[in-house]
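Notes to accompany the following structure.
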Amino acid sequence: MTRDQAVAAAATLVDDGRFETALGELVACRTDGEPAGIADYLDRLIIPWLTRLGFTHEIMANPEPGGPPILQAERIEDPALPTILTYGHGDTVPTMEGRWREDRDPLALTPDGDLLYGRGTADNKGQHLINLMALETVLEARGRLGFNIRMALEMGEEAGSPGLAKLFEANPDRFAADVLIASDGPRVRADRPTIFLGSRGALNFSLECRLREGAQHSGNWGGLLRDPGIRLAHALAAITDARGTIHVPEWRPTSLTNSVREAIASCPVGEEGPEIDPDWGEPALTPGERVWGWNSFAIRALGAGDAERPVNAIQPSAIAHCQLRFVVGTDEDDILPALRRHLDREGFSDVEILFDGDVDFHATRLDPDAPWAVWTAQSMERTAGAPPARLPNLGGSLPNEVFADILGLPTVWIPHSHPGCSQHAPNEHTLRPLCREALQLMAGVWWDLGEGGTPARG
């Protein structure tokens with residue numbers, strides 16, 4: 001069988017319903033935190049399939065107490081061949097029953113035209129299913145892969161991937177490879193194949209202005225007591241201006257290079273999902289540069305008193321739960337110290353920074369011109385007939401640092417979702433045409449990996 005025939009065979013997985021049948025089985029297995037569902041997903045749905053494909057496996061205990069197990073699997077044809085590490089996560093966010101349109105069951109795959117509804121269809125069950133079904137297609141077509149493959153399938157990504165970094169640190173040989181090729185997150189547009197090469201980091205923290213114990217009557221004490229809500233509002237206004245331009249000097253990255261700008265320039269932004277605000281963010285940047293090449297500050301929640309039952313009082317305290325999404329080129333160890341210095345300079349020493357001590361996600365980025373990025377883009381172009389969008393990093397966050405920093409791998413992500421997929425909300429769905437194309441693209445990538453001509457090792 002030729003490459004073209006293998007790519008065509010991958011498309012028939014959607015055409016004849018086999019893909020939807022398999023996806024329906026994965027969606028029906030509840031994996032939003034219950035240990036029984038997690039075990040069932042691995043033991044009944046994933047491991048028997050991998051075994052048929054010639055993988056050996058081990059369900060590895062999570063180094064974090066109470067953390068879910070992590071599946072390690074591998075198919076080694078010849079140690080001299082290139083080795084690929086792939087990744088997925090079988091856990092999902094809560095199913096949110098009762099909140100889906102038309103009272104859809106989130107644990108049942110429900111087609112509606114070309115939309116396939118169900119929890120995990122986009123994040124991430126559908127994505128690692130595509131990669132494995134395409135891999136199986138190539139194996140059946142060729143009788144071998146022509147490369148080695150290892151897989152890490154975790155069941156705690158939605159909880160911050162507890163234990164994944166420690167597991168990799170303790171067992172680097174079990175996950176050693178030449179490159180990570182995996183799938184998560186959205187394309188830049190449903191009909192535009194995409195690769196991204198890292199992700200923005202994320203740091204959550206809170207700002208609190210606590211001035212006294214107990215609220216005081218706003219008539220008797222108004223004009224005499226500082227209002228923590230007003231103090232906090234002005235402190236927040238010192239962090240950005242009215243259009244969200246960041247004013248903390250150390251939060252303004254230095255990594256928006258010409259190669260990064262060129263990669264971003266070819267990628268559409270804001271064509272799906274909510275309408276973007278073109279006048280929001282850094283004025284000198286394009287919308288794409290703002291989300292993929294720059295840092296962004298957000299207020300996740302804000303409170304002073306009871307907004308549902310306000311009273312005529314000066315509140316004793318106010319709090320804002322905040323987040324900085326940051327790219328490579330930002331000193332993450334200095335993010336909060338820099339904020340402290342900035343607030344003090346601006347006269348807000350009465351605003352305290354609250355932080356639990358852990359960065360939620362670290363920023364990573366592979367150069368868009370790196371050999372594995374170029375090789376993967378060329379393989380995808382060979383299948384699709386046009387080059388994919390090539391993002392230096394995802395605007396969101398995922399645990400890419402465990403692959404890039406701990407394992408030392410170049411990281412190439414090929415997302416099989418789209419911006420409007422509602423992956424963390426009711427009505428999560430994937431698109432049948434996107435899945436069909438993704439199966440073809442991945443069959444092409446897997447085929448080309450076995451043909452030789454991959455980037456030099458080491």
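The values are calculated or read from the model by the stated rules, or taken from the named source; none is laboratory data. Treat the numbers as computed from the prediction; the structure is a model and nothing was measured. Every residue, glycine as well, gets a Cβ built from its backbone with ideal geometry; the counts of neighbours run over all protein chains shown.
I'm checking my understanding of the structure. Among residues of segment 98-112 that are among the charged types (D, E, K, R) and in a loop (DSSP other than H, G, I, E, B), which one is surrounded by the most Cβ atoms within 10 Å (Cβ to Cβ)? Spell out how you get there, then give the answer.
Keep residues of segment 98-112 that are among the charged types (D, E, K, R), which gives 99, 101-105, 112.
Then keep just the ones that are in a loop (DSSP other than H, G, I, E, B); that gives 99, 104-105.
Values: ARG99: 12, ARG104: 19, ASP105: 15.
Looking at the filtered set, the residue picked out is ARG104.
With respect to ALA141, is the statement that it is assigned to a helix (DSSP H, G or I), surrounded by fewer than 22 Cβ atoms within 10 Å (Cβ to Cβ), at pLDDT 95 or above and under 22 Å from the mean Cα position of the chain (by Cα) true? I'd like the intermediate steps shown before the answer.
Numbers: assigned to a helix (DSSP H, G or I): yes; surrounded by fewer than 22 Cβ atoms within 10 Å (Cβ to Cβ): yes; at pLDDT 95 or above: yes; under 22 Å from the mean Cα position of the chain (by Cα): no.
So ALA141 fails the test.
Can you give me the number of residues within segment 186-227 that are closer than 25 Å to PHE361 by Cβ and assigned to a helix (DSSP H, G or I)?
Of the residues in that region, 0 qualify.
Matching residues to (1) at pLDDT below 95; (2) touching a Leu at 6+ places or on another chain (Cβ under 8 Å); (3) assigned by the TED database to the domain that holds LEU81:
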residue: GLU381; (1), (2), (3): no, no, yes
residue: LEU391; (1), (2), (3): yes, yes, yes
residue: LEU398; (1), (2), (3): yes, no, yes
residue: ALA404; (1), (2), (3): no, yes, yes
residue: GLU437; (1), (2), (3): no, no, yes
residue: GLY444; (1), (2), (3): no, no, yes
residue: TRP447; (1), (2), (3): no, no, yes
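Got a sec? Which of GLU272, GLU282, GLU262, GLU308 is over 23 Å from ALA233 (Cβ atoms) and either among the aliphatic types (A, V, I, L, M) or part of a loop (DSSP other than H, G, I, E, B) (or both)? Let's see the steps before the verdict.
Details: GLU282 fails: over 23 Å from ALA233 (Cβ atoms); GLU262 fails: either among the aliphatic types (A, V, I, L, M) or part of a loop (DSSP other than H, G, I, E, B) (or both); GLU308 fails: over 23 Å from ALA233 (Cβ atoms).
Going through GLU272, GLU282, GLU262, GLU308 in turn, the sole match is GLU272.
Under the condition of being within 22 Å of the chain's Cα centre (by Cα) and in contact (Cβ under 8 Å) with a residue 40 or more places away in the chain, which residue from segment 269-289 is surrounded by the most Cβ atoms within 10 Å (Cβ to Cβ)?
VAL269
Taking SER266 and the conditions (1) over 26 Å from the mean Cα position of the chain (by Cα); (2) surrounded by 12 or more Cβ atoms within 10 Å (Cβ to Cβ), which numbered condition does it fall short on, given that it satisfies the others?
If we test SER266 against (1) over 26 Å from the mean Cα position of the chain (by Cα); (2) surrounded by 12 or more Cβ atoms within 10 Å (Cβ to Cβ), just (1) comes out false.
Report, by residue number, each residue of segment 228-244 that is part of a loop (DSSP other than H, G, I, E, B), surrounded by fewer than 16 Cβ atoms within 10 Å (Cβ to Cβ) and touching a residue at least 12 places away in the same chain (Cβ under 8 Å). Step through it out loud before you land on a result.
Filtering segment 228-244 down to residues part of a loop (DSSP other than H, G, I, E, B) leaves 241-244.
Pick out the ones that are also surrounded by fewer than 16 Cβ atoms within 10 Å (Cβ to Cβ) and you get 241-243.
Listed by number, the list holds a single entry, ARG243.
Quickly run through segment 329-362 and pick out the residues that are modelled with pLDDT of 95 or more, farther than 21 Å from GLU208 by Cα and buried (at least 20 other Cβ atoms within 10 Å of the Cβ).
The one that is modelled with pLDDT of 95 or more, farther than 21 Å from GLU208 by Cα and buried (at least 20 other Cβ atoms within 10 Å of the Cβ): THR330.
For segment 422-453, give me the residue count where each residue is in contact with a helix residue (DSSP H, G or I) (Cβ under 9 Å, 6 or more places away or on another chain) and either crowded, with 22+ Cβ neighbours inside 10 Å or among the acidic types (Asp, Glu) (or both). Show your work before the answer.
Just the residues of segment 422-453 that are in contact with a helix residue (DSSP H, G or I) (Cβ under 9 Å, 6 or more places away or on another chain), to begin with: 424, 426-427, 430, 432-433, 435-451, 453.
Subsequent filtering for residues that are either crowded, with 22+ Cβ neighbours inside 10 Å or among the acidic types (Asp, Glu) (or both) retains 430, 435, 437-449, 451.
The qualifying residues number 16.
Answer with yes or no whether ASP367 is in contact with a helix residue (DSSP H, G or I) (Cβ under 9 Å, 6 or more places away or on another chain), within 28 Å of ILE406 (Cα to Cα) and in a loop (DSSP other than H, G, I, E, B).
On the way: in contact with a helix residue (DSSP H, G or I) (Cβ under 9 Å, 6 or more places away or on another chain): yes; within 28 Å of ILE406 (Cα to Cα): yes; in a loop (DSSP other than H, G, I, E, B): yes.
Spelling it out, ASP367 is indeed in contact with a helix residue (DSSP H, G or I) (Cβ under 9 Å, 6 or more places away or on another chain), within 28 Å of ILE406 (Cα to Cα) and in a loop (DSSP other than H, G, I, E, B).
For segment 311-336, which residues satisfy the criterion of being in contact with a helix residue (DSSP H, G or I) (Cβ under 7 Å, 6 or more places away or on another chain), outside any loop (DSSP other than H, G, I, E, B) and closer than 27 Å to TRP221 by Cα?
Residues satisfying the conditions are ALA313, ILE314, SER317, ALA318, ALA320.
Out of GLU271, GLU282, GLU262, I need the residue that is touching a Ser or Thr at 6+ places or on another chain (Cβ under 8 Å) and outside the structural domain of ASP191 (by the TED database). Which one?
On the way: GLU271 fails: touching a Ser or Thr at 6+ places or on another chain (Cβ under 8 Å); GLU262 fails: touching a Ser or Thr at 6+ places or on another chain (Cβ under 8 Å).
Going through GLU271, GLU282, GLU262 in turn, just one is touching a Ser or Thr at 6+ places or on another chain (Cβ under 8 Å) and outside the structural domain of ASP191 (by the TED database): GLU282.
Please state which of the following conditions GLU289 fails to meet, knowing it meets all the rest: (1) farther than 30 Å from ASP369 by Cβ; (2) not in a loop (DSSP other than H, G, I, E, B).
Looking at each condition in turn, GLU289 falls short on (1).
Here is a list: ARG189, ARG174, ARG231. Which entry is over 23 Å from VAL359 (Cβ atoms), outside the structural domain of ASN131 (by the TED database) and basic (Lys, Arg)?
Numbers: ARG189 fails: outside the structural domain of ASN131 (by the TED database); ARG174 fails: outside the structural domain of ASN131 (by the TED database).
Just a single option satisfies the conditions, and that option is ARG231.
With THR376, THR430 as the choices, which residue is in a strand (DSSP E or B) and closer than 27 Å to PRO287 by Cα?
Numbers: THR376 fails: in a strand (DSSP E or B).
When all the criteria are applied, what remains is THR430.
Do we have any residue at all in segment 211-226 that's outside the structural domain of LYS125 (by the TED database) and crowded, with 19+ Cβ neighbours inside 10 Å?
The initial filter retains those residues of segment 211-226 that are outside the structural domain of LYS125 (by the TED database), namely 211-226.
Restricting the remaining residues to those that are crowded, with 19+ Cβ neighbours inside 10 Å gives none.
No: segment 211-226 contains no residue that is outside the structural domain of LYS125 (by the TED database) and crowded, with 19+ Cβ neighbours inside 10 Å.
Quick one: GLY347 ticks every box in (1) more than 24 Å from ASN400 (Cβ to Cβ); (2) part of a helix (DSSP H, G or I); (3) not aliphatic (A, V, I, L, M) bar one, so which box is it?
(2)
Any residue at all in segment 299-314 that's crowded, with 16+ Cβ neighbours inside 10 Å, of a type in the set (D, E, K, R) and under 29 Å from PRO419 (Cβ atoms)?
Taking every residue of segment 299-314 in turn, none turns out to be crowded, with 16+ Cβ neighbours inside 10 Å, of a type in the set (D, E, K, R) and under 29 Å from PRO419 (Cβ atoms).
Can you name the residue in segment 163-176 that is in contact with a Pro (Cβ under 9 Å, 6 or more places away or on another chain) and surrounded by fewer than 20 Cβ atoms within 10 Å (Cβ to Cβ) and is also farthest from ALA404 (Cα to Cα) among such residues? Before you say what the answer is, go through the steps one by one.
Taking segment 163-176 first, the residues in contact with a Pro (Cβ under 9 Å, 6 or more places away or on another chain) are 163-167, 169-170.
From what's left, surrounded by fewer than 20 Cβ atoms within 10 Å (Cβ to Cβ): 165-166, 169-170.
Details: ALA165: 11, LYS166: 14, GLU169: 12, ALA170: 16 Å.
Per the stated criteria, the residue is ALA170.
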